[in-house]
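Notes to accompany the following structure.
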Amino acid sequence: MYPIRVRKEVLDSWFWKQRDPSILHVLDELEGPEVTGHLKLTAGWRIAQKCPSEIHVELMASGIIPDPYLGFNEHAVQWVGNTEWLYKCTFTFEPISDKSHTVMLQFQGLDTVCDVYLNGDKILSVDNMFRTYLAEFNSSTLKHSNALFLHFKSASQYAKTQESLMGRVRAGSTNLGDPSRDGVVFDTKTLRIGFRSVKLIQEDLEEPDQYGTVGTTFLFEVNGVRMFMGGSNWIPADNFLTTITPDRYRAWLTLLRDGNQNMVRLWGGGIYEPDVFYDTCDELGLLVWQDFQFACGVYPAHDSFVDSVREEAEQNVKRLRHHPAMALFCGNNEDYQMILQWGDVKDFPAIKIYEDVLPSVVESLTHPIIPYHRGSPYGGKGWDTSDPTVGDVHQWNVWGGKELPYQDYDKLGGRFVSEFGMPSMPCMKTISYWMKDAAPKEWHAQSKLMAQHCRAGSFERRFAIAMNDNFKITEDLETAVFNTQLMQSEAVGFAYQSWRRKWGAKGKQYTGGVLVWQSNDCWPVTSWAIADYFLRPKAVYFTIMRQLATFAVGITRTVIKNKPNDRPRQYYEFGAFQSRKAIIDIWAMLFLKDPNGLHPVGATRCLVPLEKPIIAGDAKILGQEDVGLRLEEVSFTIFYPTHVPPGDKRYKKGLRWLTGPLQTEIAGLGHFAGVSRWMIWLILAPFLYAYGQFIKIPVYEDAPLLYPSEEGAKWPLVIFSHGLGGSPTTYSQLCVRLAASGKIVVAMEHRDGTMPSCFAPYNGRNRRLLYIRESEVSWAEKPRDVLQLRLDQLSIRQHEIYTTYAAFAKLVCSSNKDNNFGAFVHFVGDLSREPDFQETWSNAPIDVEDVCLAGHSFGGCTVFSILSSMSPIAPGGNTYSRIPVRDALILDPWLEPLPSPGPTPYSGVGQGVIHDNATVAGDQFNGDAEDGSGHIGSRLLVINSEAFTLWTSHFERLKETVKGWGPDAKLVTLLQSAHTSFSDYHVFPLIGNKAGAHLMDAISKLSLAFLNNPSNNWLSESELKSTADILYRMPEKIVIVLCLDWPGSM
């Protein structure tokens, strides 16, 4: 039988008092009276206001001490930490059976030196608040009513006693605390886990950078994707830990996430945060760099201390290892640096902890192993913690250290900058909180009360240097506050933009991340925090948000002066030095979101020339003699899994989102949007030009195709049809994510007048074809259908997709002699880098027998038309073989061009969905009876936008279509989604938003759940709800609505 576990929290009926030194035996204090009011604290027991309990909070709640966050009150409460405190409670115990059994008392966060008594017997003596302590009993030893008694001793007095016994320990800062939390629990706990891989990559770079030495990288690879880390350092969110609620943790971490940060470092001078912190990081997608709790000191390594540290490390690693947010465990904060900085430390015993105990604990308890870094900063020869070419650095030569101007940040980087910063005052509302009723003479930047609320060393001199360099001197407090925040914003923003610029392609990833000091404050104060104690963001918060956006523009100025000088090179000088000219450097940093899939993604462009042109209808573009719809070649882009070896210089990451000539692309987008020509070139052109130059799809152009690792495995094939105004790259976010998951995605370039612009051959010349509207064509005879243009475009699209499939199947099945289709795939990229590129595709392991057809809007209409009609006749007179479609993924389809009711799956009888007046080059679609293999029984997933769902008549038709499709058809609506949410537009920098990004995540997740599960019971309701968890992270409360046969359907 499994053991029976019963859990009980001892959170009620706690009392506290000050230890009375006149009472010799501490247990004699148990019988003291219960008191209230302002009697002596040693006189009796007072009811605890809450549990977990913190003695300062209790004293404030009882009106015994003032709020130490106001005025000079901090000095009035220092005695609390030098005093001994007692807690007691009574709890009942009910045995779970008549037989004796084991009972455990568990204590967490006893801060720090405490003796624990149960029913008058000492059961524990503890001295490490970072450990969980267990006391185990036989049930027969407990009574029905039991007395628990805690004796907290002064940590500072204990430290002095230990110093007399063990010798003095040198420290830049200490973690000695005050009495804090206590509690008792039984039981196990339920954990939510996540799956991801994370690696710390430290590999040789290809060539030296500005520091003159090649060095190694220090970067993180998550789920196979190397990511630039932008974030901040976290300190405890309050000096009184028990006051931090889960909502407050969530508010802080959401603030960081919304500021485009993706990593938070928990500093070694703080605490291991409670589970809610890491749970929230998991939910918000924030990676965690976790320092073990050692900071700025020379710690001992005697046996009892090492044993306690090992137990502390094992408990916390076990507690945290399941969190997908965990990216790194780090041995300490600045302990190696302190040794070098002081220069007179003869012995460093804690090396045993950082280089033996902690790494062995992490390695033995984490699977896969979470990366471990022995200390921050660390790197270089002889523990050189400032070497910018190895490991991580803490860059304090601005503000501290050499007190250099912040304009030198671009010269002061490193492979990973895990600390740097510039302080500022908080907003006037926060200052007013601590100033309260202060006299008017205190309301200036250098007053004693302002100094009371600043912990920066030499702050007045350092502020004076930085402020006088950049601003006019002022005596007005509000102006000074504004100037310090502006200076912090400019300094930190310049650092982020300079160091992020060093994040290049493989082999040139010179800076892998930047973490500012610091995220938050633990009390109202002037500090380096980017948001103050009350979660009020400073200006720097928004600057960091801008610098970490997907699209960031950097601008720097270098002023050339008449002679050398020690002034910042960005300054104009018209005094002793004279400015001669200025050089402006402008750059952009931009990639669309990485797919974070199993594989890196490659992309290559292909053409399939036709044996005979295809002409659909007789429409002509107004003002031109050309037939509007004439097709001489088929074009598409393939997205596919690839592998680029580290250091391979032949392949660079990044495919331009606008693939054609920029002038043509800009003209086409403006024409599609209905913008007048003068507005296009006067207003839109600069914006679109910048996007065209800088927006990159995160793929490797013309990189080699990766073969599946499993013998005999094949990549599934997806053919994607774009909508009106779309292109092969318009849906790159979805296509790249599908490819990263292990699929070959063929994205069509429909040359039917539905792209904003394209160049296509026409009667021996290259014709520019812009988007065609019904109002822009003329007809020899009045068409019988108001959507005749769209019908003719559908016929062109059918030919394009059938041609693409046939040619592609012939390419990858070159040994198939039954495939007599005459068209061949031509790769049009730069194939000189890989001589065997085309050969690897000729025999590629790609499954062309179970195809997925996918499309958005008019592309969804295209998929429905193919699944609902017989195959057309190829240009050479042969009949296309039917495409063996297993899955159809249709996104927000536009059904109006298709006859109603329907469409319905083609059964091999009759004409199908295309009108009988849709003609191609004078030939009717093939009317031979077919068995419909490859279409009948195709699984169908339709993901609809809220916008199209609210189009009531259209949605009713769509519901009927999906209902009539068969048992393997499902319809899903994403609330708060637009028709364009399926494209890249809502994840674009500047014009996109977080809701759009989360919707794209949901669309990708749903699509992959559908495609990766071929069973008949795919995408059950519970599976769908699990898939859609990501939607509930947004403040807009995006939800999924299930239609058709599920409970609660529309």
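Coordinate-derived values only; no laboratory data. These numbers were taken from a predicted model, which means no experiment stands behind them. Cβ atoms come from the backbone with ideal geometry, glycine included; neighbour counts cover every protein chain shown.
List of remarks:
- Were the residues from H25 through S953 laid out at 0.36 nm apart, the gain over their Cα-Cα distance would be 325.6 nm.
- Annotation: lysines with alpha-carbon distance below 19 angstrom to K538 (same-chain offsets under eight excluded): K429.
- Here the contact order of the range 252-305, divided by its residue count and restricted to Cα pairs under 8 Å and six or more residues apart, works out to 43 percent.
- Theoretical FRET efficiency, 1/(1+(r/R0)^6), r = Cβ-Cβ of E960 and A780, R0 41 Å, to 0.05: 0.70
- Between K411 and I201, the contour length at 0.36 nm per residue exceeds the Cα-Cα span by 73.3 nm.
- Over 19 Å apart at the Cα level, from the set K696/K1005; K402/K448; K88/K143; K502/K652, are K696/K1005; K402/K448.
- With contacts taken as Cα pairs under 8 Å and at least 6 residues apart, the range 361-516 reaches a relative contact order of 24 percent.
- Applying 1/(1 + (r/R0)^6) with R0 = 45 Å to the Cβ-Cβ distance of I560 and L340 gives a FRET efficiency near 0.75.
- Note on the range 1-125: dipole from Cβ charges, positive end direction compared against H38, L124, N73; the farthest Cα belongs to L124.
- FRET E, pair N397, M104, Förster distance 60 Å, beta-carbon r, rounded to 0.05: 0.70
- Take the Cα of L622, step 7 Å toward its Cβ, do the same at T213, and the gap between the two points is 7.0 nm.
- Gain upon complete extension [A588, D356; 0.36 nm per residue less C-alpha separation]: 79.1 nm
- Label-point separation in nm, A251 to R536, each point 7 Å along Cα→Cβ: 1.3
- For the range 550-590, averaging the sequence separation of C-alpha pairs within contact (under 8 Å, six or more residues apart) and dividing by the residue count gives a relative contact order of 56 percent.
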